[in-house]
Amino acid sequence: MTYNKPLPRLDTLNKPFWAAAKEGKLLLQHCPSCGDTRFPPGPVCPKCLAGDQDWIEASGKGTLESWIDMHRAYWDGFKDDLPYRVCLVRLEEGPVVVSNLTDKTENLRMGAPVKVMFDAVSEDLTLPKFSLV
Amino acid sequence: MYDLNELKDKIAVIGVGNTKYGNFPEIDDYGLAAHAFRNAVNDCGIDKNKVDGLLVSRIPYYARMGEVLGINPRWTITLPGHGRMSGMGIIEAAAAIASGQCDYAALLYANIGRSRRVNYGGDESPGTWDPWGFTSPGAAHAMAFRRHMEMYGTTTRQLAEVSVSIRYHACLNPDAVMRNPITIEDHESARFITAPLRLLDYCLINDGAVCLILTSKERAKDFAKPPVLISGWGAQDTYSPSSIANFDMDFWYPAISAAGKQAYEMAGVTHKDVDALMCYDNFSPTVLFSLEGLGFCGQGESGAFVEDGALSLGGRLPVNTDGGHLSNSYMQGWALNVEAVRQLRGECGARQIPDCEVVQYVQSTPCTRSIIYTRG
Ligand SMILES: [Zn+2]
């Protein structure tokens, strides 16, 4: 079966993130000059404007900042999943990222600890998602 | 160089116009905008050839627009079709007039999103988070409102008050798209689009166009209607996280506070003087965020503030007396500025605020702007 959900738009900046996800690693772009970390990656550090940026592996631990349940499919590939849950996670390293929360429970609280898991949704694509700890 | 506050009361809105709002597949952006322009010209009685400033938003090509209207201005600016451009555009035009770049500026906005079936999500607006299915401004506002619920105990029944009050106003506006009254129960039983937000938390998508004509206070005396003065404005952008579009972890509170403070200071009024608030209501939670940021209530207290119809005509702070984006028309802030002018002129019929003297516009977005209008 072909994968019919939207794919990441790969570019020279974000390629390492997606390659690492396939290996079960969550990467954050990192500034060797000032230590700032972020996702999505940018061409320069937004704090100090240094151009040479590298990557660090995140611990995968974070806290739940918010969540929603999508009841409308803006892509046909999500129709069978409705409603599906999207979450906002603050990673231990600081950056806030959007992902899916694998837990279906209604009993959620902001600030709940979560941990990354890697969902190999197709042969070519692994999505970092989060679960309650 | 001017101190910004010196521009208090220097610029006036002399003419406003709009098309009907609805579904018009037979007419394009230029056609809609031309009708709104003609209505604004007729509203103030200006010779259209005097218009020497042109600002267009969500209109494909400024030069074609000028050709359609038969004008050759000496100041032209194009803004993208983002809602947040209305406040920015009015401020830019005021600054252009104040600095002598033009004398009479026509500001034109047209939207053909209804007849062209615009979705505001998915592949129309590609983003970083598409692989996880996170898309659309509504989803971003749902994410923010969930945080507000968690942090402050705000409820969806309180949120419903926003939609119910604004729909009540639409019922008093013969030109509004949605004119059937709704209740809190209707809101609570509407279908989810992005939980915790339901259908009645979402703005309309409709076709239409709006035009405002601005000039200096001195020149404004020569026209048909009493001028409405731009007494103050304030601005603050918040560009991180732009990868999470239409979202701010702090509900834009710092930006709204800063823009509001600047606008109040320039106009020499406080929120206590405001007779009506025209609040960018793409989704109902932004009204709550705006009330807090501007200081109408404390941070986290907007849920209690809006209860018992506080935002309805006759309540403690009438909001969006034309029915807003939620129930009148999705003119991305432009029609709310027109409504501010009409309220101050006393032209609003059944929805008129008695003795209306100060009306504030606010858009709480990555480009937060507030404008204070007063009677000239
Ligand atoms: Zn740096």
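The values are calculated or read from the model by the stated rules, or taken from the named source; none is laboratory data. What you see is a predicted model, and the numbers here were worked out from it, not measured in a lab. FYI the Cβ positions are ideal-geometry reconstructions off the backbone, even for glycines, and counts take in every protein chain you see. Please note that ligands, DNA and RNA were not included when accessible areas were found on the heavy atoms of the full protein model with its side chains. Shrake-Rupley method; radii C 1.70, N 1.55, O 1.52, S 1.80 Å.
Brief remarks follow.
- Meets criteria (over 23 Å from the mean Cα position of the chain (by Cα), within 14 Å of chain A (Cβ to nearest Cβ) and free of Cβ contacts under 8 Å to residues at least 60 places away in the same chain) for B:PRO196: yes
- From the list B:GLY87, B:GLY122, the one residue that fits, being farther than 25 Å from B:VAL319 by Cα and out of contact with any helix residue (DSSP H, G or I) (no Cβ under 7 Å at 6 or more places or on another chain), is B:GLY122.
- The helices (runs of 4 or more DSSP H) located wholly in segment B:273-376 that include 1 or more residues which are hydroxyl-bearing (Ser, Thr, Tyr) occupy B:285-294, B:302-305.
- Check on B:GLY295, in contact with an Asp or Glu (Cβ under 9 Å, 6 or more places away or on another chain), of a type outside the set (A, V, I, L, M, F, W, C) and at positive phi: no
- Summed over segment B:315-346, the residues that are open to solvent by 10 Å² or more (accessible area, probe 1.4 Å) and more than 19 Å from B:ARG179 (Cβ to Cβ) give a count of 4.
- Residue selection: B:LYS217 satisfies the criterion of being surrounded by fewer than 18 Cβ atoms within 10 Å (Cβ to Cβ), among the basic types (Lys, Arg), closer than 30 Å to B:LYS50 by Cα and touching an Asp or Glu at 6+ places or on another chain (Cβ under 7 Å).
- The set of residues in segment A:30-53 being open to solvent by less than 40 Å² (accessible area, probe 1.4 Å), within 8 Å of the ligand (Cβ to nearest atom) and within 14 Å of chain B (Cβ to nearest Cβ) consists of A:ASP36, A:CYS45.
- Screening the candidates B:PRO60, B:PRO73, B:PRO80, B:PRO126 for the property of being within 14 Å of chain A (Cβ to nearest Cβ) and open to solvent by 10 Å² or more (accessible area, probe 1.4 Å) yields one hit, B:PRO126.
- Among the residues of segment A:104-121, those that are over 16 Å from the mean Cα position of the chain (by Cα) and either surrounded by 14 or more Cβ atoms within 10 Å (Cβ to Cβ) or not in a loop (DSSP other than H, G, I, E, B) (or both) comprise A:LEU108, A:MET110, A:ALA112.
- Pairs where the first residue, in segment A:33-46, is among the acidic types (Asp, Glu) and the second is crowded, with 19+ Cβ neighbours inside 10 Å and not in a loop (DSSP other than H, G, I, E, B), C-beta under 9 Å, 6+ apart: A:ASP36/A:GLN29; A:ASP36/A:HIS30
- Strands (runs of 3 or more DSSP E) enclosed by segment B:26-127 - at least 2 residues per element that are among the basic types (Lys, Arg): none
- Residue satisfying all of: in segment A:54-77; part of a loop (DSSP other than H, G, I, E, B) and open to solvent by less than 40 Å² (accessible area, probe 1.4 Å); farthest from the ligand (Cβ to nearest atom) among these: A:ALA73
- Residues satisfying the stated conditions in segment A:5-29, i.e. within 17 Å of B:SER243 (Cα to Cα) and either within 11 Å of the ligand (Cβ to nearest atom) or among the acidic types (Asp, Glu) (or both): A:ASP11, A:GLN29
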